[in-house]
Structure formats: structure tokens, C-alpha cells
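The values are calculated or read from the model by the stated rules, or taken from the named source; none is laboratory data. In this text, all values refer to a predicted model and were calculated from it rather than measured experimentally. Using ideal geometry, Cβ is built from the backbone for each residue, glycine included, and neighbour counts are taken over all protein chains shown.
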Amino acid sequence: MLQPKYKRVVLKLSGEALSGDTGYGIQASVINSVADQIREIVELGTEVAIVVGGGNIWRGVSGSSQGMDRAQADYMGMLATVLNALALQDALEKAGVSTRVQTSIEMRQVAEPYIRRRAIRHLEKGRVVIFAAGNGNPFFSTDTTAALRAAEIEAQVVLMAKNDVDGVYDADPKKVPDAKKFEHLTYMDVLNKGLKVMDTTAISLCMDNNIRILVFNMTVEGNMKRAIIGEEIGTTVEG
């Protein structure tokens, strides 16, 4: 049987990744595929926590650029992540994976409030924990939430699952055909070169807590499992 390289991980899913080719909303085929891939890594014995974004429904930055109060727009974005989290929970449960959704904004009728020790206990029991509503504060991205939750639950790696690129490049590969892909980077490389892996707050959190970051393409069949067992895919960021 394959042995996982990582015992506990945080999987970061963007909201856009759940929308497939449409760019908005939730595409059933995509979310079911994601659920199947997550089931595969849970069956390996890896404890999985997920941070999901909300950009397929609402982006706080976009609302702010249109004149809306930034804090108000960000709270709307946090609520959008809850919709995605509940949809992902439904897909996972149908795939036979036990899950819990925890939110930073209290809404007890649909999810548990985020409690660090309770989240860790769920993980130890083999449940997938989906963290929604960001970290409960405006002006912070879900990238930062992923890094923060990874530090809190002592995850070994943040898996940055992408639906449009297979790693980190020195330029946009869709616009620059000969853009160079990086196999390995340090945290300082990312910060000094201004590479778009995660925002600077998230990178700094990972650096301070020695949490590895792995950027890969989740649309390639089996990539999530390959990442967990330690195959060389995507781009790795570490000390």
C-alpha cells in the first residue's frame, strides 16, 4: 500500500477552481471530481483540512473597487466561502467521506464555530474539516487563512490546488509562452521576486512556522494523490 509523505495537510481551494470553465457559481462535475480526489488521500491515512475561497460567488476586492466599503465587501466574501464549503461538504459526504464545516463567523444552524482543539480532534478521528468564512476578519485573504490554520493545527504542508497552472512561473505562462517554471523555491525567493504563490502575509506565516507550500494543478487526474505520496509535481516552496 502507498504510504503518504504527509500526515496532516491543509488543502487550499480557490472558489474559481469550483466553477470549472464557467468562471462563476459551482459546477457539479468539478466539485465531485475534487471530492473523489480528496477521498483518495483520506484513504491513504492523511488527515485533511480544507480552506475554500469564495471568488466564484463574490470577491471583496472587486466590491471595494466599485465603491463599496472594503470591510463590508470582505464580509460578503466570507459568506460566499460558506456556500462553497457547504457544497463541498455535500459532495464529500456523497463520496463517503465524513466531514465537518467550521466557520469563523458563527452560524450554528449550518456549521460549527471554529475551535482549534475540536478541529484537531475531528482530524484525528479521520474526518475532513472544511474551514469557511476566512479568519473572521476583513482585509485578510483566504491564502492567509490557509497559512494561519495550517500553523494552528500543525499541518506539514499547504497544498495550493490550482485549476489553470501546474506550478509557479516567472511570468504568466498563458501570456508568455517561454515562461520558466520553478521546481523549487525558498520563501525569500517568493517574497523577493514578487511571485504570485500566496500573498506576502501568508508566505511570512508559512516561513515563520516552517510550513511547506506545494503548488500543483488539481485538474490532472491523480495529482492530489501524487502530491501526498511525495512525487515531484508542481512547485515546492520551503526554507
Within the stretch 1-49, can you find the residues that are over 26 Å from Leu148 (Cα atoms) and of a type in the set (Ser, Thr, Tyr)? Thr22, Tyr24, Ser29, Ser33
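Rundown of residues vs (1) touching a Lys or Arg at 6+ places or on another chain (Cβ under 7 Å); (2) surrounded by 21 or more Cβ atoms within 10 Å (Cβ to Cβ); (3) of a type outside the set (Ser, Thr, Tyr), yes/no style:
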| residue | (1), (2), (3) |
| --- | --- |
| Pro138 | yes, no, yes |
| Ser141 | no, no, no |
| Ala179 | no, no, yes |
| Phe182 | no, no, yes |
Quick check: anything in the stretch 41-51 hydroxyl-bearing (Ser, Thr, Tyr), crowded, with 19+ Cβ neighbours inside 10 Å and modelled with pLDDT of 95 or more? yes
When Glu106 is evaluated against the numbered criteria (1) touching a residue at least 60 places away in the same chain (Cβ under 8 Å); (2) in contact with a Pro (Cβ under 8 Å, 6 or more places away or on another chain); (3) not hydrophobic (A, V, I, L, M, F, W, C), which criterion, by number, is the only one it fails? (1)
For Ala71, only one of the following conditions fails: (1) crowded, with 19+ Cβ neighbours inside 10 Å; (2) closer than 29 Å to Glu106 by Cβ. What is its number? (1)
Give Asp172, Asp166 a once-over and let me know the one that is in contact (Cβ under 8 Å) with a residue 24 or more places away in the chain, among the acidic types (Asp, Glu) and closer than 23 Å to Gly20 by Cβ. Asp166
Here, helices (runs of 4 or more DSSP H) confined to the stretch 161-239 with at least 1 residues that are touching a Cys at 6+ places or on another chain (Cβ under 9 Å), over 30 Å from Asn32 (Cβ atoms) and modelled with pLDDT of 95 or more are 187-193
List the number of the failed condition for Arg100; all other conditions in (1) closer than 20 Å to Asp36 by Cα; (2) out of contact with any helix residue (DSSP H, G or I) (no Cβ under 9 Å at 6 or more places or on another chain); (3) basic (Lys, Arg) hold. (2)
Search the stretch 48-76 for residues being among the hydrophobic types (A, V, I, L, M, F, W, C) and in a loop (DSSP other than H, G, I, E, B), and hand back the single one that is farthest from the chain's Cα centre (by Cα). Met68
Scanning the stretch 200-223 for residues that are among the charged types (D, E, K, R) and surrounded by 15 or more Cβ atoms within 10 Å (Cβ to Cβ) gives Arg212
